[in-house]
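Reviewing the structure listed below.
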Amino acid sequence: MADPKQTKFVLDESKLPKSWYNIAADLPWPQHPPLNPQTGNPLGPDDLAPLFPMALIGQEVSSEREIEIPEPVRDAYRLYRPSPLYRAHRLEKLLGTPAKIFYKYEGVSPAGSHKPNTAIPQAFYNAQEGVKRLATETGAGQWGTSLAFAGAMFGLEVKVYQVRASYDAKPYRRILMETYGAQVVASPSPDTNYGRSVLASDPKTSGSLGIAISEAVEDAATRDDTKYALGSVLNHVLLHQTVIGQETQLQLEMADVEPDILVGCTGGGSNFAGFTFPFIGAAFRGGRKVRVIAAEPTAAPSLTRGIYAYDYGDTAHMAPMVKMHTLGSAFMPDPIHAGGLRYHGMAPLVSLLKEKGTIEAVAIPQRETFERGVEFTRAEGILPAPEANHAIAAVVREALKAKAEGKETVIVFNHCGHGFLDLAAYENYLAGKLEDLDLDQGKIDAALGDLPKA
Ligand SMILES: *Cc1c(COP(=O)(O)O)cnc(C)c1O
């Protein structure tokens, strides 16, 4: 056993992963192919070529277990990777639990979250194939910030369609994106046909992620110099995030423990997948089985209350249809503070694992997530993003179970980002103004009425 008081487990730069781990190689079941939203036929590379560079299309459908990380991408990763793993000694003490709690901390990236892990390679492959400009959407502002940063690394112009509600509520995210050199507009915007049509019918709309995706896809599809970049959900995005789990495996060896439970929060599923897939893959290959828990908000409960079906990824039905746990592409989640978790669907790979029972999911109400996030901040000092508070709340539930059972359960979670630009949400919580709203089944049923007929 390592020093029992050891708190940080830090890897040398030489331990930065040399390849991404592709779980497709180890899945015991076939995947369901993405479909063309107009024809309903399986997508070919030609359908995706206007939107993505060939290297990423190749990764999207690859079944190779290890995909080499290009050296320029590893060099950019060196700015903040390997990221630290911490033992949460003070949280354990506060809870009085015999459980051992560890967290991998992705808030050390320049953008403050895990998202640069995929923004960097996406910018790199686009630049390598001669693309000059990237279009994307951002909800909470984390993805837009990450792509703006990555664009600056590889000399690409970046246009960000930021959901109107977040554009108005989070000026600091916009300023950070602009400082990296990106152009930011509120979505719906007058810059696209789709944006103009939404504004015409509802000039005061606060927008949604689904609408912003439609605008960014239209931008990329209608300009030769521009491609689209997505921050979650797709296979290649989950793949890039596996640097998180691979490093964690090495760090848990340093700590001389084996995990019993892994926890991550899920919006589109990318930080959860990147953290857990290397462990799940090892179990598929005959290794140790681990309980894996996805923590989602009760306001957007795709894994716990959605159905598993083909659905559209965006509001205007321009993005590919994928088989996933979904609340329906017309579903508009309530405006909770964890903006990164307000998506109607879930990554197809994460959905498949949930459907097969490989992973579990819990939905957690907003107030509980902030209660636990504030406890965590007071014990550990690192202020979590509201998204990360969902993982923390699920960890605390398990740590208290371990206490009741007197078990030394090893619980490891992904602390996916810091909350320094989410302080308005904490202000609301501290003022006692956070509400838990019940999500009416009728609202889910209405949105599911819009599913494509498969
Ligand atoms: C975007 C984001 C999420 C949600 O996205 P996933 O793809 O589910 O990881 C969670 N946490 C933070 C900090 C984010 O920025």
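The values are calculated or read from the model by the stated rules, or taken from the named source; none is laboratory data. None of these values were measured; they are calculated from a predicted model. Neighbour counts are summed over all protein chains in view; Cβ atoms, including those assigned to glycine, are modelled from backbone coordinates with ideal geometry.
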Report whether or not Ile293 is among the β-branched types (Val, Ile, Thr) and crowded, with 20+ Cβ neighbours inside 10 Å. yes
Restricting attention to segment 366-373, does a residue exist that is closer than 26 Å to Leu234 by Cα, aromatic (Phe, Trp, Tyr) and crowded, with 18+ Cβ neighbours inside 10 Å? no
Tell me, please, whether a residue that is charged (D, E, K, R) and outside any helix (DSSP H, G or I) can be found in segment 26-36. yes
Pick from segment 130-150, criterion of a type outside the set (A, V, I, L, M) and farther than 26 Å from Tyr21 by Cβ, ranking: farthest from the ligand (Cβ to nearest atom): Gly130
Checking the condition more than 16 Å from the ligand (Cβ to nearest atom), at pLDDT 95 or above, among the hydrophobic types (A, V, I, L, M, F, W, C) and out of contact with any strand residue (DSSP E or B) (no Cβ under 6 Å at 6 or more places or on another chain), which residue from Ala88, Ala127, Ala111 passes? Ala127
Touching a residue at least 12 places away in the same chain (Cβ under 8 Å) and either under 28 Å from Pro259 (Cβ atoms) or outside any loop (DSSP other than H, G, I, E, B) (or both): is that true of Leu51 in this structure? no
Report, by residue number, each residue of segment 93-108 that is within 14 Å of Phe376 (Cβ to Cβ) and more than 15 Å from the ligand (Cβ to nearest atom). Lys93, Leu94, Leu95, Thr97, Ile101, Phe102
Would it be correct to say that Asp219 is surrounded by fewer than 24 Cβ atoms within 10 Å (Cβ to Cβ) and either aliphatic (A, V, I, L, M) or modelled with pLDDT of 95 or more (or both)? no
Within segment 13-43, track down each residue that is exposed (fewer than 10 other Cβ atoms within 10 Å of the Cβ) and either under 18 Å from Val237 (Cα atoms) or touching a residue at least 12 places away in the same chain (Cβ under 8 Å) (or both). Pro28
Report whether or not Ser206 is over 19 Å from Pro320 (Cα atoms), of a type in the set (Ser, Thr, Tyr) and not in a helix (DSSP H, G or I). yes
Filter result for the condition that a residue is surrounded by 24 or more Cβ atoms within 10 Å (Cβ to Cβ), within 14 Å of the ligand (Cβ to nearest atom) and modelled with pLDDT under 95, over Ala229, Ala300: Ala300
In this structure, does Ser329 turn out to be of a type in the set (S, T, N, Q), within 13 Å of the ligand (Cβ to nearest atom) and surrounded by 22 or more Cβ atoms within 10 Å (Cβ to Cβ)? no
